1. With the condition kept exactly as written, say whether any residue in segment 213-227 is out of contact with any strand residue (DSSP E or B) (no Cβ under 8 Å at 6 or more places or on another chain), modelled with pLDDT of 95 or more and either of a type in the set (Phe, Trp, Tyr) or more than 16 Å from the ligand (Cβ to nearest atom) (or both).
2. List the number of the failed condition for Asp208; all other conditions in (1) at pLDDT 95 or above; (2) in contact with a Leu (Cβ under 9 Å, 6 or more places away or on another chain) hold.
3. Tell me whether segment 146-161 contains one or more residues that are under 26 Å from Leu340 (Cβ atoms), modelled with pLDDT under 95 and either among the polar types (S, T, N, Q) or assigned by TED's automatic domain parsing to the domain that holds Val175 (or both).
4. Six or more apart or on different chains, Cβ atoms under 7 Å: show the pairs whose first residue is in segment 179-196 and under 16 Å from Thr294 (Cα atoms) and whose second is among the acidic types (Asp, Glu).
5. Just give me the residues in segment 107-155 being hydroxyl-bearing (Ser, Thr, Tyr) and more than 20 Å from Ser91 (Cα to Cα), in sequence order.
6. So how many residues does segment 215-245 have that are among the hydrophobic types (A, V, I, L, M, F, W, C) and part of a loop (DSSP other than H, G, I, E, B)?
7. Failed condition for Ala198, given (1) under 17 Å from Gln283 (Cα atoms); (2) buried (at least 17 other Cβ atoms within 10 Å of the Cβ); (3) away from the ligand (no atom under 15 Å from the Cβ), with all others met?
8. Sort out which residues of segment 316-355 are buried (at least 17 other Cβ atoms within 10 Å of the Cβ), of a type in the set (Val, Ile, Thr) and either modelled with pLDDT under 95 or not in a strand (DSSP E or B) (or both), and write them in order of number.
Amino acid sequence: MVNRMTKVYMRRLLGQDDARISFGVNVMAARSIFLQRASYFEQGVTMYWSVETMIVFSFADHERMLDTLHPAMQRGNCEIRRFANGELFISVRTPAQMEHCVVLGSVAPPDERLLSLALLSHTLKKDGSRKVTLFLPYLAYSRQDKEKPGESLATAWVGSILQASGVDEVLTIDVHSESDKHLFPISLVSIYPAEIFANTVMKYQLTDATIVAPDNGAIPRCKAVSEALGRSATGIPYFQKQRNETGIKRSDMFGSVGSRVLIIDDILDTGATLISACEKLLQTGATEIYIMVTHGLFTGPDWKKLWSLKVQRIFCTDTVPATKEILDERRITILPIGQLIKEHMALLRDIAVNR
Ligand code: R5P
């Protein structure tokens with residue numbers, strides 16, 4: 001039996017505006033939604049969807065990720081092309097009126113994909129979509145998150161473009177910083193793949209490696225993985241990092257490490273951050289280094305220097321589609337996040353930020 005208070009709460013959880021969902025019919029599902037919601041309270045976010053009521057439009061390079069998600073999800077069909085002069089054109093072939101539409105695709109490459117996402121969202125909203133959710137496993141421009149006079153604040157700019165294009169909310173994986181969430185004018189929810197990383201640490205027998213943060217921003221990530229491993233999350237060794245025109249200036253390490261080290265960060269872009277961290281770690285006696293990042297951009301050739309700095313293996317997730325060169329590199333292991341997304345999507349229906 002569901003008591004009155006529970007019913008009232010369930011009605012709030014499930015959303016009073018959606019006639020297709022009746023409360024009280026599935027107490028277990030509602031309980032799961034309750035638990036799911038409770039976990040998001042920590043981030044100041046309420047989030048719950050039902051996959052049966054969504055239409056998902058996926059960019060081609062995320063089709064494989066989409067395949068691992070809920071089979072009941074309806075797939076949207078649209079064509080994105082460019083006219084001879086370079087203008088984007090979008091034709092949506094799945095009726096979207098009154099539907100909750102989800103668009104799946106990372107903002108990579110940044111400029112081309114950002115415009116496609118904005119125009120597709122605008123088209124869906126123009127056609128009467130009830131809600132447009134972007135699921136962007138990798139959100140480019142999230143590192144421009146600091147207010148400095150005369151310099152762009154691109155995170156806020158991207159958020160404004162998406163809002164003006166009709167996007168209601170954005171779901172991403174491991175957003176660069178907490179500031180990003182505040183700079184976005186619409187809901188921005190980030191999921192961290194701590195469990196995936198912890199399982200990988202166990203699978204590759206790296207439990208004796210010291211987890212190290214290459215800069216301050218990586219400390220919460222290292223803590224989350226340590227906790228998922230059932231370890232203490234205090235005393236993570238870390239560096240302080242400063243970027244200037246000539247490169248990265250790094251402090252000596254705070255804390256101590258053993259001979260096996262696991263560096264955890266959000267992004268491997270050019271590799272400069274990790275190269276400078278490895279150089280310092282070798283000076284402190286590390287002899288075997290492993291790297292675990294959420295987003296493997298692998299921009300340019302410089303990151304390959306990591307192999308000469310005792311890096312044994314680089315782990316990254318598939319938020320950014322890998323090139324053939326990366327797929328062929330046997331020392332890089334790509335960890336799929338489809339299952340993680342599935343776990344969240346199966347019970348989630350809506351996002352609302354308690355601002
Ligand atoms: C910086 O704060 C980020 O967390 C990454 O460490 C950084 O952006 C990675 O970029 P790169 O590989 O070019 O150093």
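The values are calculated or read from the model by the stated rules, or taken from the named source; none is laboratory data. Predicted, not measured: the structure shown is a model, and the values here were computed from it. Glycine gets a Cβ as well: all are built from the backbone with ideal geometry, and neighbour counts include every protein chain shown.
1. Yes, that holds for at least one residue.
2. All conditions pass for Asp208, except number (2).
3. no
4. Ser190/Asp174; Tyr192/Asp174; Pro193/Asp174
5. Tyr138, Tyr141, Ser142, Ser152, Thr155
6. So the count comes out to 4.
7. (1)
8. Hits for segment 316-355 are Thr319, Val320, Ile337, Ile341, Ile351, Val353.
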